Every structure is written in structure tokens, then in C-alpha cells.
Amino acid sequence: MASRVSTLAKKRTTATKKRLTNGKAKVDKTPVKKKESEIKLKPMTVGTIEFTIAGDTPLICHQFSEKAKEMMRQKAEGRKTKDREPRDPEREGEEATYYTSDGRDGIPGLAIKAAMIEAAHKDLGIEKVLVRKAIHIIIEDDKTGVIPIDYDSKEVKEDTVIIGRGTADLRYRPYYYGWSVRVKFRVDWDLLQQSDIVALVDRAGFGVGLCEWRPQKGGQHGTFKVDNSEPIDVQGLE
């Protein structure tokens, strides 16, 4: 008797879960809303790293002078450029020099980051896009974008260069010997570590270089490395 009552109870329970439409049982298939999971994004760990880059080969700089830029504008507009004036090596060397707003010799700050990006490679475990996103070089001179350098000596030298369709010409550019530069970066420490940055700078200095006749362009000038005799100042990294 108890078994029969249990069976009837089960049938009644099943019947309450169904609705009859035209004599057919229809199961309620209304989807049950799942509890939405909360998205929690970890706050960025942003800090800075500052160190000294020391050159181990001469640095050759060549900034386009205003005169050279004007000649390029005239050529692009189809205007005839003026005849060349007599060469003045010292003046041309000064015009090819990068200067900060307060008159110090320097290099374009973004050139350092560009060298680091060029040195990065997925086979090394650090992709170029990662370096672009994770490192911002700090350039205090917003007007010129130039970071000041220290150096032992400087001279303007004459070099033969190939321009256009194999045409040879002379250039007068400043050479820096015993040069160094103090650089500072803002870093996303969630993406890169201190050792990554130091190793990447050393690779950039060895295989890419800075400014003219650097290894990236087939030369051997403008090479550098992190100066481990100078302090490395790290902020925001626990």
C-alpha cells in the first residue's frame, strides 16, 4: 500500500511540472539565469627605472638643419633650389648637432626606445609590441625631445655618404667620444622586469646602436651598454 501511495505522489509531482496543450505535455523550457560573474581587473603596477648608458664606440649625430629642410620643401613643391653656397664644415657640424633647450648636446630620446623595440624579438621571449606598450621613456625637454649627453671629447669630421641614386656627397657631422647618457623609463612592471630591461638595452646597444653608421645600418658606431658602475634606480617594483 505504501509503495502505491509513493508511486501516485511521484505522478502528481511530475504532472505539476508540465502544462497540457492540445492534449500534449509541454515541458517549461524557460532558461534559468546564471549568476553573472564579476570581472575583476588587477590594477597596474607602474613604476620607473633609471640608469646610465655608456657608449663603447663613437656616436655620430646628424640632425637635419633648417636649410636642408627648406631645400627638401622646395624640391617637393617643384621649385628650383638655390645654388649651393661654399661649404663651411664647422657651421654644418653645428647644424647637425642635437641640442636641448638649454643648449646642451644630446640625442633624440625616442631613438633609445626605438633601438630597444628593434632589438626585441619573439624568439627571445620579448615581442616588439610588448616593448612598445610596457615602456615609456621620460623626456623632460618637451620642446626638443632631446636628452642631454656627457662626453669626453667632440669633433666635427668629414664623411663621404651616398645619397639619391648612387650620388656621393660630403657631410660634416659631430663625433662624440667617451659618451654616456642617463635615461629614465616608466614601466608596466606586470609585463617586464628589471632584468628584462637591462638585457634588452644591452642587446639594443650591441646589435642596433644609435644615430649614424650604427650596426642596424651596416656600421659599427653608436654602440652602447648599461653602465653597471653607475646606480640603477628602481621605483614601484616590490
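Bear in mind these aren't lab numbers, they're just calculated from the coordinates by the rules spelled out. In this text the structure is predicted, and so the values were computed from the model without any measurement. Neighbour counts are summed over all protein chains in view; Cβ atoms, including those assigned to glycine, are modelled from backbone coordinates with ideal geometry.
Footprinting exposure proxy ranking of Glu38, Glu85, Glu230, fewest other C-beta atoms within 10 angstrom first, gives Glu38, Glu85, Glu230. For the listed residue pairs Lys133/Lys225; Lys122/Lys143; Lys128/Lys184; Lys42/Lys143; Lys122/Lys225, the alpha carbons are over 26 angstrom apart in Lys122/Lys143; Lys42/Lys143.
Computed packing ranks the peptides 41-53, 129-141, 159-171, 203-215 as 203-215, 129-141, 41-53, 159-171, most packed first, by mean other Cβ atoms within 10 Å. For the stretch 132-147, putting each phi into the Karplus relation 6.51 cos²θ - 1.76 cosθ + 1.60 with θ = phi - 60° gives couplings of 4, 7, 8, 10, 10, 6, 8, 10, 6, 8, 5, 5, 9, x, 9, 9 Hz, in residue order, rounded to whole numbers and with x for Gly and Pro. Placing a label point 7 Å from the Cα of Asp102 along the Cα-to-Cβ line, the residues of the stretch 142-163 whose backbone N sits under 20 Å from it are 142-152.
Ordered by the count of other Cβ atoms within 10 Å of each Cβ, fewest first, Glu94, Glu155 give Glu155, Glu94. Taken over the stretch 111-193, the ratio of Cα radius of gyration to 2.2 N^0.38 Å equals 1.49. Under 5 Å between amide hydrogens, built in the peptide plane, is the criterion, and for Lys184 it picks out Ile138 among residues at least 5 positions away or on other chains.
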